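Working notes for the structure below.
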């Protein structure tokens, strides 16, 4: 006889909506409990360049992966920021197959990231209107920080209650 198939459940956010990728994953108790953030844990939105650098390159920014895996930060993502991430991961310069992109999403994003349930509409805040989606995600998930290398975002320094800082400055908090 063939192998017994393991039962899988859709990964859902705290309101029960399917994840933006629509990928079916095995249950992950840690992911189910990620909505509860204890003292000292920072909720963050990582801009796409910081996130991709952290995922793909073994340099300073790869510390972000370690931080979310150890539960020291809870990264947040929205449908819009997730779409940009998927598009960037597919750039030819990274030479990632669709299966490799799917594995990154399944093993490094969905189990650890908080998915914005409803996104607050933010327009015209950043010099580059394409960056407004990160502010929108941060406000929608009550993030403490947006971590970026983008000058259009970092020049804001603060928007409402969200601090906007460079990756190197954020990582210093964990030294």
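All Cα-Cα separations within the stretch 37-175 were binned at 10 Å from zero, giving a P(r) of 12, 46, 35, 7, 0, each value a whole percent of the pairs.
Beta-bridge orientation, the stretch 50-175: approximately 25 percent antiparallel, per DSSP, counting only bridges with both partners inside.
Across the stretch 42-172, Cα pairs under 8 Å and at least six residues apart give a relative contact order of 30 percent. Ordering 158, 171 by the number of other Cβ atoms within 10 Å of each residue's own Cβ, fewest first, gives 158, 171. When 91, 145 are sorted by how many other C-beta atoms sit within 10 angstrom of their C-beta, beginning with the fewest, the order is 91, 145.
Taking the number of Cβ atoms within 10 Å of each Cβ as an exposure proxy, the fewest-first ranking of 129, 78, 95 is 95, 129, 78. Rounded to two decimals, the Cα-based Rg/Rh of the stretch 49-90, with Kirkwood Rh, is 0.98.
A short reminder: the numbers here are calculations on the coordinates, not readings from a lab. Treat the numbers as computed from the prediction; the structure is a model and nothing was measured. Methodologically, a virtual Cβ is constructed for each residue, glycine included, from the backbone with ideal geometry; neighbour enumeration extends over all protein chains shown.
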